[in-house]
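First the structure, in the form of structure tokens, and then the observations on it.
The values are calculated or read from the model by the stated rules, or taken from the named source; none is laboratory data. This structure is a prediction, so every number in the text was calculated from the model and none was measured. We place every Cβ from the backbone using ideal geometry, glycine too, and count neighbours over all the protein chains shown.
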Amino acid sequence: MSVIMSEEIEEIPLAASETSYNDIERNDIFNREFMPHINSMYNFAFRLTMDEDDANDLVQDTYLKAFRFISSFERGTNAKAWLFRILKNSFINDYRKRSKEPSKVDYQEVETTYNSEEAAEVDHTTDLRVETVQDMIGDEVATALNSLPVDFRTVIILCDIEGFTYEEMAKILDIPIGTVRSRLHRARNLLKDKLRAYASSMGYDTNED
């Protein structure tokens, strides 16, 4: 099954109950809790759209929606995760529809493979932040990451770059934690496969244990 859905998804993550903030509170939340994440938001948007103008438009659109529906945000909760979810949903609903060739991934096949005999490996997949990959800074790494299907690229960005937990990623992506684990496991393996030749040329040991 493809992750490209024909119907639109809910863009704004709703709280259990809406809060009526006054104008001072709304501006304070926006400036103190939302704005500090704007650089991370742009980086995420650029990795999704692969275009500077589209990334800027996506971030602007996200912040406009965040301010408009700020009553759905519960003050003191994870503002970054809330914003990332709005951005991700906006990308799926708007920008992805307009992309030339959206990357499609058959997750049914992925989950069938990685929830069977290799299921144990999913629980022990290695965080790329603690692998030799973290020492390889260059265009090759960025190119390898950008070449992944957008849904696999997204989980690596959320986990290995932005540091979200599995639980937070599940909420941002609207998928079960088990799917987060299997998708991340597959994404990391795909990225490592793409980087293996480069790592070898840089003198890293790429032999499998």
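List, please: which pairs have Cβ atoms under 6 Å, are six or more places apart or on different chains, and start with a residue in region 24-52 that is in contact (Cβ under 8 Å) with a residue 40 or more places away in the chain and in the same structural domain as S71 (by TED's automatic domain parsing) and end with one that is assigned to a helix (DSSP H, G or I) and not aliphatic (A, V, I, L, M)?
That search, which allows pairs on different chains as well, returns F30/F67; H37/K80; L48/F91; T49/Y95.
For region 20-94, which fully contained helices (runs of 4 or more DSSP H) count at least 1 residues that are of a type in the set (A, V, I, L, M) and surrounded by fewer than 19 Cβ atoms within 10 Å (Cβ to Cβ)? Steps first, please.
Working: elements: 23-29, 38-49, 52-68, 79-90.
In region 20-94, the matching helices (runs of 4 or more DSSP H) lie at 23-29, 38-49, 52-68.
Output the number of the condition that P36 fails; it satisfies all remaining conditions of (1) at pLDDT 95 or above; (2) in contact with a Leu (Cβ under 7 Å, 6 or more places away or on another chain); (3) not aromatic (F, W, Y).
All conditions are met except number (2).
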